[in-house]
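This report refers to the structure that appears directly beneath it.
Where a number appears in this text, it was derived from the coordinates with a stated rule and is not lab data. The model shown is predicted, which means the values in this text are computed figures rather than measured ones.
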Amino acid sequence: MSSEPGPSTPSRKRSKWDEDEDDRPSYVPQPKRRVKAKASSMKSADDPGPPQSRTPSYPPSTVYKPPYSIYVPPRTRHPPICPSRSVYCYERLNQIEEGSYGVVFRARDKQTGDIVALKKLKLDEEKNGFPITALREIYALMSCRHENVVGVREVVVGDTLTQVFVVMDFIEHDLKSLLNMMPSPFLQSEIKTLMLQLLSAVNHCHQNWILHRDLKTSNLLMNNRGTIKVADFGLARRYGDPVGVGGMTQLVVTLWYRAPEILLGATTYSTAIDMWSVGCIFAELLLKEPLFQAQGELELIAMIFKLLGPPTKNSWPDYSTLPLAKTLTLPSPQPHQFRSKFQYITSAGLDLLMSLLTYDPEQRISAAEALEHPYFTESPLPKHPDLFSSFPSAAAGEKYGILF
Ligand SMILES: Nc1ncnc2c1ncn2[C@@H]1O[C@H](COP(=O)(O)OP(=O)(O)OP(=O)(O)O)[C@@H](O)[C@H]1O
Ligand SMILES: [Mg+2]
């Protein structure tokens with residue numbers, strides 16, 4: 001792993017954090033130390049009410065009236081607004097990967113020794129202030145805390161305004177690299193566990209009005225204890241927000257995982273786009289390779305038509321109203337080819353897959369419904385995460401060893 005930004009991003013200014021430890025500036029902002037308060041003032045700050053000893057003594061006829069409402073607790077502290085810590089609180093270990101929205105490093109918290117992942121947001125080319133995509137990413141990660149969503153710890157800053165890092169728990173693998181590395185696919189019992197975790201995270205995001213909009217195996221992290229963490233909320237947005245002129249952007253979701261309604265130009269879409277991606281991920285877990293490896297949008301549409309059979313009035317009543325539908329000539333009706341493509345899955349499994357890979361977003365299964373699907377309660381049952389094998393972590397620089 002390179003310690004310097006690669007040739008693909010020549011314009012990125014070199015971060016001091018990328019340099020040797022010795023180069024770090026002598027000033028490292030530290031949380032302000034509290035001035036030791038005198039015993040009496042500390043007492044009054046922590047106590048909810050006036051201590052007995054400080055109650056003034058009144059003549060017996062006077063009723064004591066506290067100087068605050070008895071129904072509202074006294075305000076003793078201001079909200080904890082404090083400046084972001086410095087990236088120099090972390091020791092850089094190695095670069096994990098450079099994606100389209102940021103470079104990800106593995107690092108150690110100098111105070112606690114915890115190993116973390118730092119995603120340096122790409123802000124260099126920004127002329128209009130802090131980019132909305134970065135704000136959305138931080139907002140979505142913070143509002144979707146869940147066992148199966150990567151944990152965000154804090155946002156730290158470097159020496160310049162273009163150096164903003166999101167600090168996350170370090171997770172050993174991403175599912176794409178893991179699938180490439182594994183000699184054989186996951187077992188059915190393992191796929192059920194992974195799917196339940198993924199669906200549970202997606203359901204949580206949707207319940208919190210967040211669309212992920214970029215679900216794919218490289219954005220699913222997996223630790224060595226059999227737990228999946230959904231990551232990369234760089235394209236996420238709140239779907240309750242008013243949609244501007246022109247609707248929501250179609251430039252979402254990596255091509256292979258993109259729902260047919262987006263391919264056909266829909267400008268209003270919802271949680272169902274994430275569910276299509278979940279269907280593609282389910283298929284990828286079964287096949288150990290991506291389902292629709294198309295070079296472009298037209299090829300992808302052709303591949304979808306081939307697997308599902310072309311859309312009909314029944315399977316997708318709104319098809320003809322989509323902006324790009326008129327530009328396509330539908331092939332002659334054919335039955336779907338799910339069974340021949342997925343020969344070893346049970347009927348229940350196939351039913352779940354088809355419910356996810358459904359043309360009509362209105363009829364596509366939701367995350368909450370999918371969690372209740374009979375596939376998860378039939379034999380073999382989901383495997384306990386503790387029973388998953390552990391693998392060498394490429395992100396931590398570990399080599400493919402004797403584990404396989
Ligand atoms: N918390 C983490 N722990 C370990 N590795 C991580 C973590 N977060 C991200 N990574 C690694 O870094 C890669 C890129 O991260 P991420 O997807 O967040 O960035 P991105 O720039 O949005 O990427 P892309 O556009 O390629 O999807 C991931 O695929 C994963 O391999
Ligand atoms: Mg990514």
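Averaging sequence separations of C-alpha pairs under 8 Å and six or more residues apart, then dividing by the length of segment 87-222, give the relative contact order as a whole percent.
21 percent.
Enumerate the calculated ³J(HN,Hα) couplings along segment 151-166 in order (Karplus 6.51 cos²θ - 1.76 cosθ + 1.60, θ = phi - 60°), each rounded to whole Hz, writing x wherever the residue is Gly or Pro.
With the stated coefficients, segment 151-166 comes to x, 9, 9, 5, 10, 10, 10, x, 7, 10, 5, 8, 10, 10, 10, 9 Hz.
Hey, what do the phi angles of segment 190-204 turn into as Karplus ³J(HN,Hα) couplings, whole Hz, using 6.51/-1.76/1.60 and θ = phi - 60°, x for Gly and Pro?
So the J values, rounded to whole Hz, are 6, 4, 4, 4, 5, 5, 4, 5, 4, 5, 5, 5, 5, 4, 4.
Which entries of 176/216; 192/306; 119/288; 192/229 have Cα-Cα distances beyond 18 Å here?
192/306; 119/288, as the Cα separations exceed 18 Å there.
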